[in-house]
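Undergrad: Structure provided below as structure tokens; questions to follow.
Here, each number is a calculation from the coordinates, and none is a lab measurement. None of these values were measured; they are calculated from a predicted model. Ideal geometry is used to build each Cβ from the backbone, glycine not excepted, and the neighbour counts take in all protein chains shown.
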Amino acid sequence: MTDCKKCGQPAAIYLTRYGLGFCSDHFLEFLRNKVKKSIHKYKLLNPYDRIAVALSGGKDSAVLLHILDSIYSEALDLIGLHINLGIEPSNYSKISLNLARELCSDLGREFYCVDLRKEYRISMDLVEKKEKQLKRSLCGICGTFKRYLLNKYSLELDCEKIATGHVLDDEVSVLLMNMINGNVEQLVRTGPNLIAKNEIMITRIKPLYEISELETMIYAQFANLKIQDVECPYSKGASSLKYKKLYLMFENQLPGLGITFLHNFHKKILGPLQEYYQTTREKVRICAICGGPTSETVCAFCNIRKILTRNE
Ligand code: Q46
Ligand code: ZN
Ligand code: ZN
């Protein structure tokens, strides 16, 4: 039996990639230190920042808030920001909302929820009903909703930045997807620190950028975090999940491939790509309907909403 590297007690987990065993407490400490290193390396936070943490009710965002709260108990003003997507099957949205709210209350942090149905008379259930008219995947539309609302409400809540729970597996699989499909515009918008270019956009940070999904799963278990265990009823067939499976196949064959790919992309490819792309890049415009950021006359959120509320 392996012992914990730190205290010599029997290890609760053995991390093959590092050749290290940890008891549960020292695994939590190990992961917090890893996140802290990424935060310093990518200059993600400043003391006393007011940070909105995008909380879905799932494990990655719960782990993110828990870790930030543990590392920076007094030094950060953290707010849980949840989007109620209006997904009734399996009680998905109701359970997610309760879990996100409960976590904030346990940690004594402010909580804010944006309800798509109440605020905008739309929901993911409605998107599912009108999927054919929208001509886009459910998860694609859901992503547009989340990006739009997180940007808008974190600014309204006077936050300096929004932190999201994207982990290494998400980043690598999205990079793979965009490279395979030649989506250069999306490729230049990746990275752990997406700095806002104007006052209608907020800086987006990803403190779990170098943490794997397996590590957040273990952290959630050892820290006894209550998390959503029901799968989203609209996730079936999502292409992001297929690319994640593809990445995990590579990772199983070549352990460490994901982090190497991410580091090399960030260090050697992203800079020149951004430099080249910025010369042809369109300026951010203001949506004629809502005043939010867009590259067209009307933003994607307002366009989708128009279709969903037609003939109401
Ligand atoms: S909530 Fe939305 Fe996810 Fe459900 S519809 Fe897809 S994107 S799977 S993280
Ligand atoms: Zn220990
Ligand atoms: Zn708009």
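Undergrad: Pulled fully out, how much extra length does the chain show between Met249 and Gln9, if you take 0.36 nm times their separation in residues and subtract their Cα-Cα distance?
TA: Here the answer is 83.0 nm.
Undergrad: Along the charge dipole of the stretch 224-272, which of Tyr243, Leu262, Val230 sits closest to the positive end, that is, farthest toward it, with unit charges on the beta carbon of Lys, Arg, Asp and Glu (+1, +1, -1, -1)?
TA: Leu262
Undergrad: If the chain between Ser239 and Arg50 were fully stretched, how many nm would it gain, using 0.36 nm times the residue separation less the Cα-Cα distance?
TA: 64.6 nm
Undergrad: Check which residues have an amide H placed less than 5 Å from Ala11's amide H, if you skip close sequence neighbours.
TA: For Ala11, whose amide H was placed from the backbone, the distant partners under 5 Å are Thr2, Asp3, Cys4.
Undergrad: If contacts are Cα pairs under 8 angstrom and at least 6 residues apart, what is the relative contact order of the chain in percent? Numbers along the way, then the final one.
TA: On the way: 462 pairs, mean separation 59.7, N = 312.
Result for the chain is 19 percent.
Undergrad: What GluC sites (Glu not before Pro) in the stretch 1-108 are in a loop by DSSP, with at most 14 other Cβ atoms within 10 Å of the Cβ?
TA: Numbers: sites: Glu29, Glu74, Glu102; in loops: Glu74.
Answer by residue number: Glu74.
Undergrad: Which FRET efficiency value, to the nearest 0.05, do you get for Ser70 and Tyr18 by plugging their Cβ-Cβ distance into 1/(1 + (r/R0)^6) with R0 = 22 Å? Intermediate results must be reported in sequence, preceding the final value.
TA: Details: r = 21 Å, r/R0 = 0.95.
The pair Ser70/Tyr18 has a calculated efficiency of 0.60.
Undergrad: While we're on this one: Taking every pair of distinct Cα atoms and averaging 1/r, then inverting, what Kirkwood hydrodynamic radius in Å comes out for the stretch 31-272?
TA: On the way: mean 1/r = 0.0538 Å⁻¹.
About 18.6 Å for the stretch 31-272.
Undergrad: To the nearest 0.05, what FRET efficiency results for Tyr277 and Glu119 with a Förster distance of 35 Å applied to their C-beta separation?
TA: Working: r = 34 Å, r/R0 = 0.98.
Efficiency, from the Cβ-Cβ distance: 0.55.
Undergrad: Here's a follow-up. Kindly state, as a whole number, the per residue volume in cubic angstrom of the convex hull around the alpha carbon atoms of the stretch 140-265. Show your work: numbers first, answer last.
TA: Details: hull volume 17.7 nm³, N = 126.
Looking at the stretch 140-265, the number lands at 140 Å³ per residue.
Undergrad: While we're on this one: Against the longest principal axis of the chain, how steep is helix 239-253, in degrees 0 to 90 to the nearest 10, with axes from Cα atoms?
TA: Helix 239-253 and the main axis of the chain meet at about 20 degrees.
Undergrad: Show that you can apply the helix-only estimate: for the chain, add -39,500 (n - 2.57) for every DSSP H stretch of four or more residues, divide by all residues, and state [θ] at 222 nm to the nearest 500. Kindly include the intermediate steps, with their values, before the conclusion.
TA: Values: 14 runs with 152 residues, N = 312.
Here the helix-only value at 222 nm equals -14500 deg cm²/dmol.
Undergrad: Related question: Please check which bits of the stretch 280-312 a label hung off Gln133 would reach, taking the label as a point 7 Å along Cα-to-C-beta and the cut-off as backbone N under 14 Å.
TA: 303-312
Undergrad: Give the angle, between 0 and 90 degrees and rounded to the nearest 10, that separates the Cα long axis of helix 168-181 from the longest principal axis of the Cα atoms of the chain.
TA: In the chain, helix 168-181 runs at an angle near 50 degrees to the longest axis.
Undergrad: Next question. So for each of 6-12, 75-81 I average, over its residues, the number of other beta carbons within 10 Å; can you give me the resulting order with the highest mean first? Please list the in-between numbers first.
TA: Values: 6-12: 14.3, 75-81: 20.0.
Top to bottom by mean Cβ count within 10 Å: 75-81, 6-12.
Undergrad: List every residue whose amide H lies under 5 Å from the amide H of Thr203, counting only residues 5 or more places away in sequence or on a different chain, with H placed 1.01 Å from N in the peptide plane.
TA: Here the answer is Ile162, Ala196, since their amide H atoms fall under 5 Å of that of Thr203.
Undergrad: Let me ask another. Taking H placed 1.01 Å from N in the peptide plane, check which residues at least 5 places from Gly21 or on another chain put their amide H under 5 Å from its amide H.
TA: Correct list: Lys5, Leu15.
Undergrad: Please give the charge dipole size of the chain, origin at the Cα centre, charges +1 on K and R Cβ atoms and -1 on D and E Cβ atoms. Round to the nearest 20 debye.
TA: Values: 43 positive and 35 negative charges, 192 e Å.
Dipole of the chain, to the nearest 20 debye: 920 debye.
Undergrad: Let me ask something else. Looking at the stretch 246-312, which trypsin sites (Lys or Arg not before Pro) are DSSP coil and have at most 10 other C-beta atoms within 10 Å of their C-beta? Don't skip to the answer; put the middle values down first.
TA: Values: sites: Lys267, Lys268, Arg281, Lys283, Arg285, Arg305, Lys306, Arg310; in loops: Arg281, Lys283, Arg310.
Those satisfying the criteria are Lys283, Arg310.
Undergrad: Could you list, in their original order, any pairs among Lys132/Lys236; Lys130/Lys306; Lys6/Lys267; Lys59/Lys129 whose Cα atoms are separated by more than 21 Å?
TA: Beyond 21 Å: Lys6/Lys267; Lys59/Lys129.
Undergrad: So which trypsin sites (Lys or Arg not before Pro) in the stretch 27-129 are both in a DSSP loop and have at most 11 other Cβ atoms within 10 Å of their Cβ? Please report the intermediate quantities before stating the final value.
TA: Details: sites: Arg32, Lys34, Lys36, Lys37, Lys41, Lys43, Arg50, Lys59, Lys94, Arg101, Arg109, Arg117, Lys118, Arg121, Lys129; in loops: Lys43, Arg109, Arg121.
Answer in residue order: Lys43.
Undergrad: So how far, in whole Å, is the C-alpha centre of the stretch 167-192 from the one of the stretch 77-115?
TA: 27 Å
Undergrad: Tilt of helix 213-222 relative to the longest C-alpha principal axis of the chain, in degrees (0 to 90, nearest 10)?
TA: Relative to the chain, helix 213-222 is tipped by roughly 70 degrees.
Undergrad: Let me make sure I get this right: for the stretch 107-181, a, b and c are the square roots of the gyration tensor eigenvalues over alpha carbons, sorted descending. Under 1.5 in a/c it's rounded, otherwise prolate if a/b > b/c, else oblate. Which is it?
TA: Working: a/c = 2.39, a/b = 1.11, b/c = 2.15.
Because a/c hits 1.5 or more and a/b fails to exceed b/c, the stretch 107-181 counts as oblate.
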